[in-house]
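Notes follow once the structure below has been shown.
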Amino acid sequence: MAASCAVAVGAPALAADAGPGAPGIGDEYFPGYGNGGYDVGHYDVQLRYQPDEDRLTGTTTVVAEPTQDLTSFHLDFALPPSSVKVNGRDAEFTQDGTELQVTPQDVLQAGSTATFVVEYSAVPSEEDGGETSPWIRTGDGALAVGQPRISAWWFPGNDHPRDKATFDISVAVPDGTQVVSNGVNTDTSTIGDWTTWKWRTTEPTATYLAFMAVGDYDISTREGAFGQQSITAYSTGLGELDGPARASVERTPEILEFLSGLLGEYPVESQGGLVAAEGLSFALENQTRPTYSPAFFRSGANTGVVVHENAHQWFGDSVSLDQWRDIWLNEGFASYAEWLWSEHEGTGTAQELFDHYYAEYPPDHSFWTITPGDPGRENLFDEAVYDRGAMAVHALRNVIGADALRDVVRAWVHSKRNSNGSVGEFIDLAEQRTGRQLDRFFDAWLYTPAKPEPGPDTGIPV
Ligand code: ARG
Ligand code: ZN
């Protein structure tokens, strides 16, 4: 602090740089996502949900550490709050779309522990927050499952994978309805006509990977891999898809053993899966417990999707994206894990799958115009990110060798566990661990909008 700073004796020191926290965390594709000026450690989300009216009533406590002296800060939230308290005192707030700006009575000191308590009662499917609400209302309940964002429609937070936190999620629903979420089910108790389900995660979790499913589910707990419980849930409305869904998702423990053989220690504290009957058109790698659309099981058992979502527990959940541009680190590696599973199951080798895609798409096909290393926000989930992305991993194996790829991948997930990484950092690590200059390889596979040519630099046999 400057010597000339005039502060009355006994008054709290106010640093010269105290100011508002930024409304975004600095994501190139989504400048409004996340916020600046603080780091969340824990979310305590306490909800009551009435399916008939899609009415969500809640109190969320955010425990955060300011990283600068804050005169105001933002939370990402699409639902209108009824009150906001900061460190126990009422705070002023304004809301514009999903930006909730909060002005506490006192400046928040960098390095202190601050609590933000937000109370609300809303119908999430009716709140657009500037885009179509990603909240999914179903005939029997709701699904808070989405990517790249969903949390703003059920709790206020710092909604970006760069700020991960632990969660306590407690949801009261009419008796007879089930609630499934991340981690461990610490308690379920009924008072009157309402049953409260409590779920807890103890490993840092990105906001989009926190989920809840409310509805009629058949939930079972059994011994999973690594001495953990495996908790699976199947909608009671699955009909003829119930058999193939169970034949796939019940193999999760075996699949996690396979994946940990490739990638190292399973990074989270619980496991399982949830299959919804309606409302979901995709699967998502929700931390500890992925969620699946029933569509994946329409042609029978499908272990590929189970491998994919569980590979994300390492690539995406434990090691999270630095920003959404880095999506190849999630989808390329999760898709490549499916290829290795196929090889393990004897249904086609990784090289055969590579050759299939290489032959499938001629040079003038639009598949080659998307660059997995920077696909653009509208192409985050394009098949090129997945399939060209998996081809890139396989081609890297061809260039540096299977042992070196294994070494790079294991070093990556180990060194970045519970943290974040960018494609640039992955490339640096691959070059360090192999002692090789790999610019031509990565340029061809990740950054050039054209079909890579065969040759020693691209890992494609001539
Ligand atoms: N990460 C998910 C997966 O690869 C995809 C989610 C797609 N999201 C969406 N909103 N369509 O399984
Ligand atoms: Zn994926």
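If R0 is taken as 45 Å, the Cβ-Cβ distance between THR349 and TRP194 corresponds to a FRET efficiency of 0.25. The label-point distance for GLU240 and SER366, in a model that sets each label 7 Å from Cα toward Cβ, rounds to 3.4 nm.
Straight-line cross-link partners of LYS85 among the lysines, defined as a Cα under 23 Å from its Cα and at least 8 positions apart when in the same chain: LYS164.
Placing R0 at 56 angstrom, the Cβ-Cβ distance between GLN229 and ASP439 gives a FRET efficiency of 0.75 after rounding to 0.05. Remark: relative contact order (the range 341-405) = 25 percent; criterion is Cα-Cα distance under 8 angstrom and separation of 6 or more residues. Going from the residue with the fewest nearby Cβ atoms within 10 Å to the one with the most, HIS160, HIS42 rank HIS42, HIS160. When each of the peptides 200-206, 447-453 is scored by the mean number of other C-beta atoms lying within 10 Å of its residues, the order from highest to lowest reads 200-206, 447-453. Rounded to the nearest 0.05, the FRET efficiency derived from the C-beta distance between ASP17 and SER281 at R0 = 41 Å is 0.35. Summary of packing: across the peptides 437-443, 220-226, the per-residue average of other C-beta atoms within 10 Å ranks them, highest first, as 437-443, 220-226. Note on THR186 and THR61: the extension gain reaches 43.1 nm, defined as 0.36 nm multiplied by sequence separation minus the Cα-Cα distance. Here the contact order of the range 13-120, divided by its residue count and restricted to Cα pairs under 8 Å and six or more residues apart, works out to 28 percent. Counting only Cβ charges, +1 for Lys and Arg and -1 for Asp and Glu, the dipole size of the chain around its Cα centre is about 760 debye.
Computed extension length for GLN50-ASN418: 129.0 nm, one decimal, from 0.36 nm per residue of separation with the Cα-Cα distance subtracted. Taking every C-alpha pair closer than 8 Å and separated by at least 6 residues, the mean separation divided by the residue count of the chain gives a relative contact order of 11 percent. Computed from label points 7 Å out along Cα-Cβ, the spacing between THR132 and GLU119 is 3.5 nm.
Coordinate-derived values only; no laboratory data. These numbers were taken from a predicted model, which means no experiment stands behind them. Don't worry about glycine lacking a Cβ; one is built from the backbone with ideal geometry, like all the others, and counts go over all protein chains shown.
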